[in-house]
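The values are calculated or read from the model by the stated rules, or taken from the named source; none is laboratory data. All values reported here derive from a predicted model rather than from experimental measurement. The protein model used for the area step is the full one, side chains on, heavy atoms only, and it has no ligands, DNA or RNA in it. Shrake-Rupley method; radii C 1.70, N 1.55, O 1.52, S 1.80 Å.
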Amino acid sequence: MIDQLAEANWMFATVNRDDDSEPLDFPEPIPRPGIESADTERGASGDTAAEKGAPTTDQLLQFFL
C-alpha cells in the first residue's frame, strides 16, 4: 500500500505542477526483505524508472482529464 500511495502522490503532484518546472522523479519502491534493490536490478543497462514503465506526463493527463 505504501508504494501505491507514493505513486498516487507522484501522479497528483505531476499533473498539478507548472508546465515550466522540472519533472518529478518516479518514486522508488520501499525495500523488502528477499527482494533485490532497484540499484541491483538496474545492472549494467542503467534502466531508470521511466524506462521500466512509469507513465509519461501525457499519459497521466489523458487519465485524469
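Looking only at segment 3-13, decide whether some residue is of a type in the set (D, E, K, R) and either at pLDDT below 75 or within 12 Å of the chain's Cα centre (by Cα) (or both).
Taking segment 3-13 first, the residues of a type in the set (D, E, K, R) are 3, 7.
Retained after the next criterion (residues that are either at pLDDT below 75 or within 12 Å of the chain's Cα centre (by Cα) (or both)): 3, 7.
Taking every residue of segment 3-13 in turn, at least one turns out to be of a type in the set (D, E, K, R) and either at pLDDT below 75 or within 12 Å of the chain's Cα centre (by Cα) (or both).
So which residues in segment 35-58 are open to solvent by 90 Å² or more (accessible area, probe 1.4 Å) and modelled with pLDDT of 80 or more?
Initially, segment 35-58 is screened for residues open to solvent by 90 Å² or more (accessible area, probe 1.4 Å), giving 35-36, 39, 41, 44, 51-52, 58.
Residue satisfying the conditions is D58 alone.
Taking D20, is it charged (D, E, K, R), at pLDDT 85 or above and over 11 Å from the mean Cα position of the chain (by Cα)?
Details: charged (D, E, K, R): yes; at pLDDT 85 or above: yes; over 11 Å from the mean Cα position of the chain (by Cα): yes.
For D20, the condition - charged (D, E, K, R), at pLDDT 85 or above and over 11 Å from the mean Cα position of the chain (by Cα) - is met.
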